[in-house]
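Asks: Here it is, the structure, as structure tokens.
The values are calculated or read from the model by the stated rules, or taken from the named source; none is laboratory data. Just so it is clear, the model here is predicted, and its values are computed rather than measured. So basically every Cβ, Gly included, is an ideal-geometry build from the backbone, and we count neighbours across all protein chains shown.
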Amino acid sequence: MPRFATVRRVWLQRASVVVAVLTVQACSGSTPPSTAPRSEPSAAAQAAPSTPAPAIGSRQPDAIASVGLAESYTVDASGRRLTMRCWGTGDPTVFFESGGGGLDEFENSSLVRRIAARTRACLYNRAGLAPSDPAPNRPREADDVAADFRALVREARISAPYVLFGRSFGGMIVTFYAATHPSDVAGVVVFDSPAPSATMTLQEFPEGVWDAPGSVEHLNVLTGFENRFGKKPVRFSAPLIVISTTAGEAPPEDRYWLQTSPGARHVTLQGGMEVIDVQADAIATEILSLVEGAADASPSPA
């Protein structure tokens, strides 16, 4: 099976597992634990340098010890709601997208803690990923995900522009939003996200259709994301940082994302899936460079 199909299958399965776990726990009345990825660092990752982020210790409050915003917000006329949580204060706000749900993958993570120490950091779960409401029972495309996100931030009254971080499948979501809503975006980080495939087929990726068994988001990943963006990459003007890992989903030689923004630059980190945790300082430094750039570009108060 082609590598890109295997990678997309992994995050779809991860999202389905999280939904199943949350359903069982809801029925038993137990509280779901954090599902942020946790793994032991590889030797290469331990050896790799990282840039220190603001220290978090006994003398400094934990930036995610208390939630600044934790609500469900209506995103369409049917009353459908998405759940979002935010920590920290400041502008621009950093939003995290992922292969599964942002809350499922990033809540309590070292990376969110580092960002929240400097500015507001927000996570939400897309439609179909609990505790957000089920997705509409129809094929959904990138445009639907973008419309949900825009309705969410407007209902929550979180002012643009934003810095968007997209991991894995989330890379396609954040770059599409930057291309279709340019005034809303101050910067984009694409982390360990494989290039979309123009040639991926149903036989290679049967889980990629909206009504596949276990497809809780009802996304047409195959034709509405992979084939669509593989054939016609999006373009946007916001600055872009592409972070690759040497043993993760997107190898450093994958240069697809660099064509999407004239302000793109490429960063490579040693390691695989564990990099998001063990090199959180280095990743946070890249995100915060866009936060600081946006703050510097903002007009001074009169």
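Asks: Can you give me the number of residues within region 235-260 that are surrounded by fewer than 18 Cβ atoms within 10 Å (Cβ to Cβ) and either acidic (Asp, Glu) or in contact with a Lys or Arg (Cβ under 9 Å, 6 or more places away or on another chain) (or both)?
Replies: Qualifying residue count, region 235-260: 4.
Asks: Restricting attention to region 63-82, report how many residues are under 19 Å from residue 167 (Cβ atoms) and not aliphatic (A, V, I, L, M).
Replies: 0
Asks: When only residues in region 62-86 that are among the charged types (D, E, K, R) and in a strand (DSSP E or B) count, which is nearest to residue 110 (Cα to Cα)?
Replies: 85
Residues checked against (1) more than 30 Å from residue 117 (Cβ to Cβ); (2) in a loop (DSSP other than H, G, I, E, B); (3) modelled with pLDDT of 95 or more; (4) in contact with an Asp or Glu (Cβ under 9 Å, 6 or more places away or on another chain):
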{"residue": "215", "(1), (2), (3), (4)": "yes, yes, yes, yes"}
{"residue": "223", "(1), (2), (3), (4)": "yes, no, yes, yes"}
{"residue": "230", "(1), (2), (3), (4)": "yes, no, yes, no"}
{"residue": "243", "(1), (2), (3), (4)": "no, no, yes, yes"}
{"residue": "283", "(1), (2), (3), (4)": "no, no, yes, no"}
{"residue": "291", "(1), (2), (3), (4)": "no, no, yes, yes"}
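Asks: Which condition from (1) under 19 Å from the mean Cα position of the chain (by Cα); (2) closer than 30 Å to residue 133 by Cα; (3) outside any loop (DSSP other than H, G, I, E, B) is the one that residue 207 breaks?
Replies: The failed condition is (1).
Asks: Mind listing just one residue for me: the one in region 170-185 that is touching a strand residue (DSSP E or B) at 6+ places or on another chain (Cβ under 8 Å) and touching a residue at least 40 places away in the same chain (Cβ under 8 Å) and, of those, surrounded by the fewest Cβ atoms within 10 Å (Cβ to Cβ)?
Replies: 173
Okay, residues lined up against (1) closer than 18 Å to residue 291 by Cα; (2) touching a residue at least 12 places away in the same chain (Cβ under 8 Å); (3) crowded, with 20+ Cβ neighbours inside 10 Å:
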| site | (1), (2), (3) |
| --- | --- |
| 71 | no, yes, no |
| 98 | no, yes, yes |
| 102 | no, yes, yes |
| 108 | no, yes, no |
| 138 | no, yes, no |
| 143 | no, yes, no |
| 164 | yes, yes, yes |
| 168 | no, yes, yes |
